[in-house]
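The values are calculated or read from the model by the stated rules, or taken from the named source; none is laboratory data. Note that the coordinates shown come from a computational prediction; the quantities given were computed from them, not determined experimentally. For neighbour counting, all protein chains shown are included, and Cβ atoms are generated from backbone atoms with ideal geometry for every residue, glycine included.
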Amino acid sequence: MRRYTGVRVLTQTILDCDLAVYIGKDICKEAYQYRQHDNNLYLSDEEEGLISFALGMAIGTDKRIFVFCEDQYFIRNMSEFMQAGVSKCKNFVVVLFVSGGYTNVSNTPLIFDEVNSQHGILYNMGFMVHNYSNFFKQHKNPIKHIRKFWARIRGPLAVLLPVDNRKKDMPVVELSKNMTATKEFIRNKDITGYSYVPPFSIEELALGV
Amino acid sequence: MVRKLWKELCECFEYRFFTGIPFEGSSDLYSAMDSEIMHYVPAANELIALRMASGARVSGFKSGVLLEPLKINRLDMGFNIEFEIPILIITSVKDILLRKGLYRDSSLSKVVAYIEKNKKPGVFLLE
């Protein structure tokens, strides 16, 4: 499967009450092409600590946070994934596009492809792991199916989606320079989030309940 | 004394979410933490702590980070400045050689006022 097809399918399964964080210029371009919404946050993968940033957002809200990134970002920032895994944050989902190479630098190989058990690493970190290697071959309408079981998921969830390195020319997207729309969206209590109690009830502390 | 500081920080200034890495001289701070008024998450490293606190702030909760003075200099605060995410950094005053351009004070009210007004990180020096 090509990565942009994966981005197209998975971004369309996200609900309007969820927040999607796209990490990496290419993923941002593809996501922008297929889903433009206030609850999208586009960030460059040159920055570090973005998984932790998304985790911090997930801790403070009842909305689900979906993070889309590549395996090269995982390799560079494994300690962040470990932090997210042990957090037991139920509204945190990370979608990992496994291409086995640096897609932005002539597809040079990446060590993640040589790992014995990719899902084993994530599982031992504390994530529940979905591997969609064969899913798209078996289902004619994957959006409907994924949306159905993502409606009942409990995080922290890591979704592994093997993709190939082929690219498609997409228009350039302006990466986020301010976070006003995201702040307004995430703090908006009228947009009902996911139906579960957040793991850390900071809100109760703030209200003195 | 330290218990009073937490109470002031959590109840008067409404800082509720904290994260960080323990450092020399911070044991009093940690032993005086009260889970009734605050929430603390131990972080794997300094950058994770800073970013996690930033995320919680974006969600609407005032947050603070406990960090070692020398580690603060190595942290990239550009993300917080670019996206205007104010964060309170708490550190010990010992051996302090903080880099220029980072606001610091030993008065909690001054630091909080600065970071909330300018939407930038600020350092509270614990005496």
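The set of residues in region B:25-44 that are in contact with a helix residue (DSSP H, G or I) (Cβ under 6 Å, 6 or more places away or on another chain) and of a type in the set (S, T, N, Q) is empty. With respect to being buried (at least 20 other Cβ atoms within 10 Å of the Cβ) and among the polar types (S, T, N, Q), A:S79 falls outside the description. Does B:G78 qualify as being free of Cβ contacts under 8 Å to residues at least 40 places away in the same chain and facing chain A (nearest Cβ under 8 Å)? Here the answer is no, as B:G78 does not meet what is asked.
Mind listing just one residue for me: the one in region B:36-66 that is at the interface with chain A (Cβ under 9 Å from one of its Cβ atoms) and hydroxyl-bearing (S, T, Y) and, of those, nearest to the chain's Cα centre (by Cα)? Here the residue is B:S63. Of all residues in region A:166-186, those satisfying the criterion of being in contact with a helix residue (DSSP H, G or I) (Cβ under 8 Å, 6 or more places away or on another chain) and not basic (K, R) are A:M170, A:P171, A:V172, A:V173, A:L175, A:S176, A:M179, A:T182, A:I186. So, B:V112, is that one among the β-branched types (V, I, T), within 25 Å of A:V21 (Cβ to Cβ) and crowded, with 22+ Cβ neighbours inside 10 Å or not? Judged against the criteria, B:V112 is not a match. Taken together, A:G60, A:G49, A:G120 contain a single residue that is out of contact with any Leu (no Cβ under 9 Å at 6 or more places or on another chain) and closer than 20 Å to A:I186 by Cα, which is A:G60.
Taking the numbered list (1) modelled with pLDDT of 90 or more; (2) over 19 Å from B:P121 (Cβ atoms); (3) exposed (fewer than 13 other Cβ atoms within 10 Å of the Cβ) in turn, B:M1 passes all entries but (1). Inside region A:1-59, can you point out the residues that are among the acidic types (D, E) and either within 14 Å of the chain's Cα centre (by Cα) or in a helix (DSSP H, G or I) (or both)? Answer for region A:1-59, where residues must be among the acidic types (D, E) and either within 14 Å of the chain's Cα centre (by Cα) or in a helix (DSSP H, G or I) (or both): A:D18, A:D26, A:E30, A:D45.
What is the residue count in region A:71-99 for residues that are over 14 Å from A:G155 (Cα atoms) and in contact (Cβ under 8 Å) with a residue 60 or more places away in the chain?
Count: 4.
Criterion first (facing chain A (nearest Cβ under 9 Å) and either surrounded by 19 or more Cβ atoms within 10 Å (Cβ to Cβ) or among the acidic types (D, E) (or both)) does B:F18 satisfy it? No, not satisfied. Checked against the criterion of being at negative phi and surrounded by fewer than 11 Cβ atoms within 10 Å (Cβ to Cβ), region A:118-131 contains not a single residue that satisfies it.
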